[in-house]
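Notes for the one structure printed next.
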Amino acid sequence: MSETQPQNYGRVALIGLGLIASSIFWAMKRAGMESHVTGYARSAETRETAKRLGLCHEIVDSAEEAVKDADLVILAVPVGAMGPIAEAIAPHLKPGCTVSDVGSVKQEVIDAVRPHLPEGVNFVPTHPMAGTEHSGPDAGFASLYDNRWCLIVPDGAPEEATAKLEAFWQALGARTEQMEVEHHDLVCAVVSHVPHLIAYTMVGVADDLRRVSDQEVIKFSAAGFRDFTRIAASDPTMWRDVFMNNKQATLEILGRFTEELFALQRAIRTGDGQLLFDYFTRTREIRRGILQAGQDTDAPDFGRVKVEK
Ligand code: NAP
């Protein structure tokens with residue numbers, strides 16, 4: 001891929017070297033991008049691991065150093081860390097560069113980052129809707145973004161800078177769509193944040209009942225509970241920050257969820273089988289829609305590969 005292609009930035013800085021940033025680097029490499037990539041992570045341990053893995057062309061010891069001369073800076077740290085990092089790097093940003101973030105929440109990140117950025121720097125927030133329950137520099141892989149959505153939340157950013165960043169994400173394999181900030185936070189509360197909270201709660205309840213480690217629960221758990229445990233293994237810092245920073249939308253969706261749960265609880269108590277049947281028929285259609293949109297596989301057991309012992 002040549003330097004003249006629109007999605008190619010000369011120098012890229014990745015701040016934070018976990019699942020999301022390392023996958024960006026591997027996907028850039030796979031796409032044949034010629035950008036020079038500099039990486040920084042908070043701990044010496046992560047920086048050492050990154051060097052060992054060959055992650056980035058250069059690993060440096062401060063965020064300020066990483067962003068020097070960068071044409072694109074991607075903040076890939078937990079949502080609560082975005083503001084302080086933006087403040088630290090601001091005086092070192094190259095005029096005209098693009099700063100982006102990959103945070104799972106947008107309004108709070110925009111409020112925390114934008115005030116620090118100097119005039120002439122483009123801020124184009126994004127959110128790649130892809131991830132796994134694994135974190136850290138060795139969790140990343142080149143195909144993470146393939147066919148997944150990367151939401152772009154320009155929120156007033158110049159069109160040219162936005163289009164270039166969209167092209168960049170498309171080159172990494174993602175599909176892109178622009179979204180308003182508030183809508184983004186509400187949509188993500190529905191499709192990601194509240195489902196995670198429910199999974200955390202369900203596994204917590206089972207643990208309270210001292211059943212999680214019970215051999216029978218593990219042995220007989222069908223995809224339902226096992227999938228909850230997989231989701232509930234997601235990074236605690238990242239998810240704490242998501243809920244602390246997407247309060248309004250999360251509480252709104254949780255309120256609706258609780259009302260629906262009470263309606264189903266009542267149907268069970270009163271023996272209203274028709275209500276349950278109709279409800280489950282509607283939700284089954286939603287699953288079919290997800291499959292038709294190519295966002296999951298209909299292989300039995302979610303396409304899990306069986307490991308023979
Ligand atoms: P991760 O694997 O846990 O990596 C986080 C990185 O941020 C690590 O390199 C960590 O450095 C660094 N970091 C943490 N706290 C920091 C601080 N206070 N100052 C400076 N650096 C700090 O996380 P991730 O999954 O890549 O997530 C990164 C961002 O992407 C988050 O904002 C998250 O909301 C968003 N996101 C995640 C997913 C997902 O499913 N994982 C999906 C979409 C978006 P050390 O290792 O040295 O601590």
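What follows draws every value from the coordinates through simple rules; no lab data is involved. Everything numeric in this text was worked out from a predicted model, so none of it was measured. Here the Cβ positions follow ideal geometry from the backbone for every residue, glycine too, while neighbour counts run over all protein chains shown.
Considering only C-alpha atoms, what is the centroid distance from segment 147-196 to segment 131-146, in Å?
18 Å
I'd like the antiparallel share, as a percent to the nearest 5, of DSSP beta bridges with both residues in the chain. Can you show the working numbers first?
Working: 3 of 24 bridges.
Once the DSSP bridges in the chain are tallied, antiparallel ones form about 10 percent.
Quick one: what do you get for segment 6-179 if you divide its Cα Rg by 2.2 N^0.38 Å? Show your work: numbers first, answer last.
Details: Rg = 14.2 Å, N = 174, 2.2 N^0.38 = 15.6 Å.
Relative to the rule-of-thumb radius for its length, segment 6-179 sits at 0.91.
Please report, in cubic angstrom per residue, the volume enclosed by the convex hull of the alpha-carbon atoms of segment 78-228. Walk me through the numbers before you get to the answer.
Working: hull volume 21.8 nm³, N = 151.
Considering the Cα atoms of segment 78-228, their hull volume per residue is 144 Å³.
Taking a temperature of 25 °C and a viscosity of 0.890 mPa s, what whole-number D in µm²/s does Stokes-Einstein yield for segment 40-141 with Rh from Kirkwood over alpha carbon pairs? Walk me through the numbers on the way to the answer.
Working: Rh = 14.3 Å.
For the chosen part, D equals 171 µm²/s.
What size of dipole, in debye to the nearest 20, comes out for segment 6-179 about its Cα centre when the only charges are +1 on Lys and Arg C-beta atoms and -1 on Asp and Glu C-beta atoms?
On the way: 14 positive and 22 negative charges, 80 e Å.
Value, rounded to 20: 380 debye.
Could you line up Cys188, Cys56 from fewest to most neighbouring Cβ atoms inside 10 Å? Let's see the in-between values first.
Details: Cys188 23, Cys56 26.
Taking fewest neighbouring Cβ atoms as first place, the list is Cys188, Cys56.
Which of rounded, prolate, oblate describes segment 237-293, given a ≥ b ≥ c as roots of the alpha-carbon gyration tensor eigenvalues and a/c under 1.5 marking rounded, otherwise prolate only if a/b is larger than b/c?
Values: a/c = 3.59, a/b = 1.48, b/c = 2.43.
The shape class here is oblate.
Around Ala70, which amide H atoms from residues at least 5 apart in sequence, or from another chain, sit under 5 Å from its own amide H, with H modelled in the peptide plane?
Lys94
When the Karplus curve 6.51 cos²θ - 1.76 cosθ + 1.60 is applied with θ = phi - 60°, which whole-Hz ³J(HN,Hα) does each residue of segment 186-203 get, with x for Gly and Pro?
6, 4, 5, 4, 6, 8, 9, 5, 5, x, 5, 4, 5, 4, 4, 5, 4, 5
Test of understanding: what is the full-extension gain from Ile290 to Glu182, defined as 0.36 nm times their sequence separation minus their Cα-Cα distance? Present the calculation step by step, with values, prior to reporting the outcome.
Working: separation 108, 0.36 × 108 = 38.88 nm, distance 2.33 nm.
The Ile290-Glu182 span can extend by a further 36.5 nm.
For segment 117-162, taking Cα atoms only, what is the radius of gyration to one decimal and the Dmax to the nearest whole Å?
14.0, 37
Order of Met28, Met238, Met82 from fewest to most other C-beta atoms within 10 Å?
On the way: Met28 24, Met238 20, Met82 28.
So the ranking, lowest neighbour count to highest, is Met238, Met28, Met82.
Regarding the chain, what whole-number volume in Å³ per residue does the convex hull of its Cα atoms give? Write out the running numbers ahead of the final one.
Numbers: hull volume 49.1 nm³, N = 309.
With only Cα atoms used, the chain gives 159 Å³ per residue.
For the charge dipole of the chain, defined by +1 on Lys and Arg C-beta atoms and -1 on Asp and Glu C-beta atoms about the Cα centroid, which residue among Thr38, Gly16, Val190 has the Cα displaced farthest towards the positive pole?
After comparing all options, I get Val190.
Given Lys29/Lys247; Lys29/Lys51; Lys51/Lys164, which pairs have Cα atoms separated by over 26 Å? Display every interim value, and only then the final one.
Values: Lys29/Lys247 37 Å; Lys29/Lys51 16 Å; Lys51/Lys164 29 Å.
Over 26 Å Cα-Cα: Lys29/Lys247; Lys51/Lys164.
Identify the GluC sites (Glu not before Pro) of segment 88-163 meeting these criteria: DSSP loop state and at most 11 other C-beta atoms within 10 Å of the C-beta.
On the way: sites: Glu108, Glu119, Glu133, Glu159, Glu160; in loops: Glu119, Glu133.
Taking segment 88-163 and a limit of 11 other Cβ atoms within 10 Å, the loop GluC sites (Glu not before Pro) found are Glu119.
Using +1 at the Cβ of each Lys and Arg and -1 at the Cβ of each Asp and Glu in the chain, identify which of Ile152, Met179, Phe277 lies farthest towards the dipole's positive end.
Final value for the positive-end residue is Phe277.
What ranking do Leu254, Leu261 get, fewest neighbouring Cβ atoms within 10 angstrom at the top? Spell out each step's value before the answer.
Details: Leu254 16, Leu261 11.
Ranked by crowding around the Cβ, least crowded first: Leu261, Leu254.
Sort segment 183-271 into rounded, prolate or oblate with this rule: let a ≥ b ≥ c be the square roots of the eigenvalues of the Cα gyration tensor; rounded if a/c is under 1.5, and if a/c is not under 1.5, prolate when a/b is larger than b/c, oblate otherwise. Mind showing how you got there, number by number?
Details: a/c = 2.42, a/b = 1.22, b/c = 1.99.
Here segment 183-271 falls in the oblate category.
For a quick check: with amide H placed at 1.01 Å from N, whose amide H comes under 5 Å from Cys150's, ignoring anything fewer than 5 positions away on the same chain?
Placed amide hydrogens put Met129, Arg175, Thr176, Glu177 under 5 Å from Cys150.
Pop out the ³J(HN,Hα) list for segment 170-185 in order, Karplus 6.51 cos²θ - 1.76 cosθ + 1.60 with θ = phi - 60°, rounded to Hz; leave Gly and Pro as x.
These are the phi-based 3J(HN,Hα) values: 5, 5, 7, x, 7, 9, 10, 8, 8, 9, 6, 4, 4, 5, 4, 5 Hz.
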